[in-house]
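Novice: The structure under discussion is supplied below as structure tokens; questions concerning it will follow.
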Amino acid sequence: MAIRQAVTRTDPDFIILSTLPAGTSRWLKMDLPHRVERKFGRPVEHIEAGGPTDAPAPRPAEADDAGPDIGVMVLLVEDDPQDVELTKLALERSSVPHTIRVARNGASALEYMRANGVSSVDVVILDLKMPVLDGFGFLEQAQSDVDLGSVDVVVLTTSSHESDRARAHDLGVAAYMLKVPDFDEFCHAMSGLLEEAAG
């Protein structure tokens with residue numbers, strides 16, 4: 001959807017697609033460059049970055065911008081760069097003022113919340129499958145390390161397994177959402193999430 005919006009706005013002669021190595025995300029496993037070329041009828045130049053390290057170290061949450069924190073504070077816990085960008089795009093469609101911070105794994109998210117306090121976050125959008133410390137690990141450690149009682153934790157995942165859904169709810173998540181291919185539907189869900197947090 002993000003590529004379609006860019007093509008519609010700019011009508012380019014060709015597309016330069018910069019990605020991580022094939023296989024590092026579910027999008028690239030689907031041969032994204034050739035799919036884009038076929039779908040949009042433009043030649044695609046694919047630039048592939050170096051691969052990630054085998055054991056990425058925890059990184060602190062990154063500010064989405066250098067300005068002051070405003071509105072609903074969202075902590076997005078997600079390791080896939082493409083999913084980070086899509087989620088940011090979806091949140092930007094909302095009229096609710098908000099600030100996004102990104103943690104690339106559960107360990108970085110816990111580090112951020114310990115350093116800044118739980119009250120610095122209104123909503124946690126949490127992926128389940130991440131390196132270092134996954135979503136379930138984050139939820140389990142948060143029960144003893146920080147008090148998430150005042151924070152809405154929303155799982156955003158590709159896993160439709162009922163056992164994962166049940167486990168997440170047992171660990172106190174407010175909602176369990178599947179990553180859907182329909183970008184408009186995704187935007188609507190993210191806007192509703194911000195509106196509820198702001199209310």
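Novice: Quick one: putting +1 on the C-beta of Lys and Arg, -1 on the C-beta of Asp and Glu, what dipole do you get for segment 62-198 around its Cα centre, in Debye to the nearest 20?
Specialist: Using only the charged Cβ atoms, the result is roughly 160 debye.
Novice: Let me ask you something else. So what's the net charge close to Glu195: Lys and Arg +1, Asp and Glu -1, counting the other residues with Cβ under 15 Å from its Cβ?
Specialist: Taking every other residue near Glu195 into account, the sum is -3.
Novice: So what's the Cα pair-distance distribution over segment 62-198, bin width 10 Å, in %?
Specialist: Distribution as computed: 12, 48, 36, 4, 0 percent.
Novice: Once the Cβ-Cβ distance between Lys129 and Met177 is put in as r, and R0 is 22 Å, what FRET efficiency do you end up with, to the nearest 0.05?
Specialist: The calculated FRET efficiency here is 0.90.
Novice: Please compute the modelled spin-label separation between Glu196 and Asp11, points set 7 Å along Cα→Cβ, answer in nm with one decimal.
Specialist: Those two pseudo-labels are separated by 4.2 nm.
Novice: Give me the extension gain from Glu162 to Arg93: residue separation times 0.36 nm, minus the current Cα-Cα distance, reported in nm with one decimal.
Specialist: Working it through step by step, the gained length comes to 21.8 nm.
No lab work stands behind these numbers, since they all come straight from the coordinates. Just so you know, these numbers come straight off a predicted model, no measurement behind them. No Cβ is skipped: glycine too gets one built from the backbone with ideal geometry, and neighbour counts run over all protein chains shown.
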